[in-house]
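Structure record follows, encoded as structure tokens.
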Amino acid sequence: MVKDYQLREKLSVAAKGQKFVQEAPVVIVVCAQTDNHTMTCGQLSYPIDCAIAIDHMTLAACSLGLGTCWVGAFYEDDVKKILDIPPEIRVVELLALGYPKPSAIAPKPRLPLEKITMREKWQNL
């Protein structure tokens, strides 16, 4: 968890200049110590395990009136240098956390559910 302003400023640069990373009062840096275990389905387990943890954090934050934003656009090596993270540790995601600005609360337009889901079998949409 990063609260220090100067570190958040550096993380913002590592996150391709995304200003809100610096502005958020807290940035959670989600890391994994992994043996690169592959699940039976062929997927690496650590990114999925981290995504589950982040999802739980976002739900808990929302219940407290906090806003979150997953940040996947970042340079992992830069984040590791900024925070002295060892080379064998993977930085999976950044999670900006704070109270949202009132203007940021408006819901984004979303595709209708029937345009993004399929029933029973794959269908080309």
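Using only Cα atoms, figure out Rg for the range 8-96 and give it as a multiple of 2.2 N^0.38 Å.
Details: Rg = 13.7 Å, N = 89, 2.2 N^0.38 = 12.1 Å.
Compared with the compact-globule rule of thumb, the range 8-96 sits at 1.13.
Please state the charge dipole magnitude for the chain, taken about the Cα centre, from unit charges on C-beta atoms (+1 on K and R, -1 on D and E), reported in debye and rounded to the nearest 20. Mind dumping the intermediate values first?
Numbers: 14 positive and 14 negative charges, 117 e Å.
The calculation lands at about 560 debye.
Can you count the Lys pairs in the chain whose Cα atoms are under 27 Å apart, with each pair 8 or more apart or on different chains?
Counting lysine pairs in the chain gives 17.
Express in nm, to one decimal, how much length is gained between His56 and Ile116 on full extension, taking 0.36 nm for each residue of separation and deducting their alpha carbon distance. Walk me through the numbers before you get to the answer.
Details: separation 60, 0.36 × 60 = 21.60 nm, distance 2.31 nm.
Taking His56 through Ile116 to full extension adds about 19.3 nm, to one decimal.
Taking the range 1-98, which GluC sites (Glu not before Pro) meet the DSSP loop condition and have no more than 13 other C-beta atoms within 10 Å? Could the numbers behind the result be given before it?
Values: sites: Glu9, Glu23, Glu76, Glu88, Glu93; in loops: Glu88.
Those satisfying the criteria are Glu88.
Rank these for me by crowding, Asp84, Asp49, Asp4, going from fewest to most other beta carbons within 10 Å. Numbers along the way, then the final one.
Values: Asp84 6, Asp49 16, Asp4 10.
Placing the least packed residue first, the sequence is Asp84, Asp4, Asp49.
Which residues does a label at Cys41 reach in the range 50-87, if reach means a backbone N under 17 Å from a point 7 Å past the Cα toward the Cβ?
50-56
Every number in this text was worked out from the coordinates using simple rules, so none of it is lab data. Note that the structure is predicted; figures quoted are calculated from it, not measured. Counting neighbours? That spans all protein chains shown, and the Cβs are built from the backbone with ideal geometry, glycine included.
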